[in-house]
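Right, one structure below, let's go through it.
The values are calculated or read from the model by the stated rules, or taken from the named source; none is laboratory data. The model shown is predicted, which means the values in this text are computed figures rather than measured ones. For neighbour counting, all protein chains shown are included, and Cβ atoms are generated from backbone atoms with ideal geometry for every residue, glycine included.
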Amino acid sequence: MKNGHLIAVAAIFLATPAFAEISKEEMIKRGEYLVATSGCNDCHTPWKMGDNGPEPDMNLMLSGHPETLAITEVPPINEPWVALTYATNTAIAGPWGVSFTANLTPDLETGVLRDYSEEQFLLAMRTGRHLG
């Protein structure tokens, strides 16, 4: 009896595809959802001052720190502060120096995703490792 249940459960799992096939449009919608819920725009989209305060500049969505905004001098960081954030929210300065957010687009010149295959991108998203 116990083996019969195990065989039935195994048969169901083996007969069920791991992932349902989805259309290109559904895949794009899912990507938009993941970008929104994962907070990608919080750092990788430059922010601008809007009518209600700071907001992401969606004309520059996921483009990272603008290359035209050179940071030549960082103000001193005094305790208890440990970091300063640039107005665009794309550069953070601390005791380590300045960190800049990357361009998460497939732009041929500046996008870090330009060299990723779909498989490498999925692996990087799942593992957090550059190029999987």
Point to revise | Scan of the range 112-130 for residues that are assigned to a loop (DSSP other than H, G, I, E, B), of a type outside the set (Ser, Thr, Tyr) and either in contact with a His (Cβ under 7 Å, 6 or more places away or on another chain) or surrounded by 12 or more Cβ atoms within 10 Å (Cβ to Cβ) (or both), ordered by number | key: Val112, Leu113, Arg114
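Starting from residues that are outside any loop (DSSP other than H, G, I, E, B) and in contact (Cβ under 8 Å) with a residue 40 or more places away in the chain, keep the ones in the range 35-83 and report whichever is nearest to Trp96 (Cα to Cα).
Residues of the range 35-83 that are outside any loop (DSSP other than H, G, I, E, B), as a first pass: 35-38, 40-44, 47-50, 53-56, 58-60.
Remaining after also requiring in contact (Cβ under 8 Å) with a residue 40 or more places away in the chain: 40, 42-44, 47-48.
Values: Cys40: 23, Asp42: 21, Cys43: 18, His44: 20, Trp47: 23, Lys48: 26 Å.
Once the filter is applied, the top-ranked residue is Cys43.
For the range 72-124, give me each residue that is among the polar types (S, T, N, Q) and farther than 18 Å from Val35 by Cα. Let's see the steps before the verdict.
Just the residues of the range 72-124 that are among the polar types (S, T, N, Q), to begin with: 72, 78, 85, 88-90, 99, 101, 103, 105, 110, 117, 120.
Within the range 72-124, Thr72, Asn78, Thr85, Thr88, Ser99, Thr110, Ser117 qualify.
Would you check if Thr90 is under 24 Å from Pro56 (Cα atoms), touching a strand residue (DSSP E or B) at 6+ places or on another chain (Cβ under 7 Å) and in contact (Cβ under 8 Å) with a residue 40 or more places away in the chain?
Values: under 24 Å from Pro56 (Cα atoms): yes; touching a strand residue (DSSP E or B) at 6+ places or on another chain (Cβ under 7 Å): yes; in contact (Cβ under 8 Å) with a residue 40 or more places away in the chain: yes.
Taking the combined requirement at face value, the residue satisfies it.
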Study note, to complete from the structure: Sole miss for Leu108 among (1) of a type outside the set (S, T, N, Q); (2) part of a loop (DSSP other than H, G, I, E, B); (3) under 24 Å from Met27 (Cβ atoms); (4) in contact with a Leu (Cβ under 8 Å, 6 or more places away or on another chain) is condition (4)
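Could you identify the single residue in Glu73, Glu109 that is within 22 Å of Pro46 (Cβ to Cβ), at pLDDT below 90, loosely packed, with under 15 Cβ neighbours inside 10 Å and of a type outside the set (Ser, Thr, Tyr)?
None of the other options fit; the residue is Glu73.
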Review point. If you scan the range 51-70, which residues turn out to be surrounded by fewer than 13 Cβ atoms within 10 Å (Cβ to Cβ) and within 22 Å of Pro95 (Cα to Cα)?
Key: Ala70
